[in-house]
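What follows is a set of notes on a single structure, which appears directly below.
The values are calculated or read from the model by the stated rules, or taken from the named source; none is laboratory data. Please read these numbers as outputs of a predicted model, since none were measured by experiment. Cβ sites come from the backbone with ideal geometry, for glycine too, and all protein chains shown count toward neighbours. The area values use the complete protein model at the heavy-atom level, side chains included, leaving out ligands, DNA and RNA. Shrake-Rupley method; radii C 1.70, N 1.55, O 1.52, S 1.80 Å.
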Amino acid sequence: MIWAITAFGAAFNFASAAAFEQHRTQIESYAADSIYSSFAGIAASDIEYSLKLPPADALNKECPSALSFEWRSQPEAGNNTLLAECTATGWKAYIPAQIEIYRMVVVAAAPLSRNQPIHSSDLSLSRLPTSRLRSGYFSKAEDVDGFEVQRTVKIGQVITPYIAKAPASVKRGDWVTIVSGSGGLRVTSTGEALKDGSIGDQIPVKNVKTNARIKAWVIDKGMVSTQKGRD
């Protein structure tokens, strides 16, 4: 009887171990395939990920069919969750997945002072994980050449859109063309800029004919629009 119980226990442990290994293999295979396909335009060498598998006793339940999988949302850099489920038995497990996407981003090659114009020689590229770059980043030094620094920057610090500001396309006191209207009706008038502004900025403008003050978006050098996004 003792031998029989021992044999049964060994068989059960073997089956459990086999189920665990089968589930682990399926999970890891699906995760790898789906993560790499989600970032198809990025080299595999720039993608790193890790899975936090459930304890062994949570994965050792047998499933008569292959597991089904579903990401809680489209995989992205940072924290993600993968659902693994045995639809035949209702067994499921939520698996945390950490994904890192590395890119070459623009950083300061020298200390930069506030209001200092940025030149390509002041910058370099560094390979960094984008999940930590919540404030944004630039991929090319030439994209910020001629921009102005908005705050003091240390060597190696990432240049973000909050740090580098495009030079003003409109200066306070400039006369500007105001574009208004929608659809096929396009009306222009002349105004005076009451504040400096770069493309995309909203600034106050005075219509020189009516003296009415409005807010408009800078869309080009010497040109503003009453509608955001118009060009």
Checklist outcome for this item: Within the range 201-226, restricting to residues that are open to solvent by 50 Å² or more (accessible area, probe 1.4 Å) and either under 27 Å from the mean Cα position of the chain (by Cα) or in contact (Cβ under 8 Å) with a residue 60 or more places away in the chain (or both), the one that is nearest to residue 177 (Cα to Cα) is 217
Checklist entry - Taking the range 31-54 on its own, how many of its residues are in a helix (DSSP H, G or I), surrounded by 11 or more Cβ atoms within 10 Å (Cβ to Cβ) and among the aliphatic types (A, V, I, L, M)? => result 3
Checklist outcome for this item: Residue hits (the range 161-189; exposed (fewer than 13 other Cβ atoms within 10 Å of the Cβ) and among the β-branched types (Val, Ile, Thr)) are 187, 188
Next on the checklist: Looking at the range 205-215 only, could you name the residues that are in contact with a Lys or Arg (Cβ under 9 Å, 6 or more places away or on another chain) and either among the hydroxyl-bearing types (Ser, Thr, Tyr) or assigned to a strand (DSSP E or B) (or both)?
Outcome noted: 205, 206, 207, 213, 214
Next on the checklist: Given the criteria open to solvent by less than 80 Å² (accessible area, probe 1.4 Å), within 25 Å of the chain's Cα centre (by Cα) and either on the phi > 0 side of the Ramachandran plot or not aliphatic (A, V, I, L, M) (or both), does residue 94 qualify?
Outcome noted: no
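Looking only at the range 11-39, how many residues end up being among the hydrophobic types (A, V, I, L, M, F, W, C), modelled with pLDDT of 90 or more and out of contact with any Phe, Trp or Tyr (no Cβ under 6 Å at 6 or more places or on another chain)?
Within the range 11-39, the subset among the hydrophobic types (A, V, I, L, M, F, W, C) is 11-12, 14-15, 17-20, 27, 31-32, 35, 39.
Then drop every residue that is not modelled with pLDDT of 90 or more, which leaves 27, 31-32, 35, 39.
Next, only the ones that are out of contact with any Phe, Trp or Tyr (no Cβ under 6 Å at 6 or more places or on another chain) stay: 27, 31-32, 39.
Of the residues in the range 11-39, 4 are among the hydrophobic types (A, V, I, L, M, F, W, C), modelled with pLDDT of 90 or more and out of contact with any Phe, Trp or Tyr (no Cβ under 6 Å at 6 or more places or on another chain).
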Checklist outcome for this item: Exactly one of 99, 118 is under 20 Å from residue 159 (Cβ atoms) and of a type in the set (A, V, I, L, M, F, W, C), and that residue is 118
Checklist entry - How many of the residues making up the range 23-48 are free of Cβ contacts under 8 Å to residues at least 12 places away in the same chain and under 15 Å from residue 66 (Cβ atoms)? => result 3
Checklist outcome for this item: Going through the range 61-75 in order, the residues found to be touching a residue at least 40 places away in the same chain (Cβ under 8 Å) and open to solvent by 50 Å² or more (accessible area, probe 1.4 Å) are 61, 62, 66
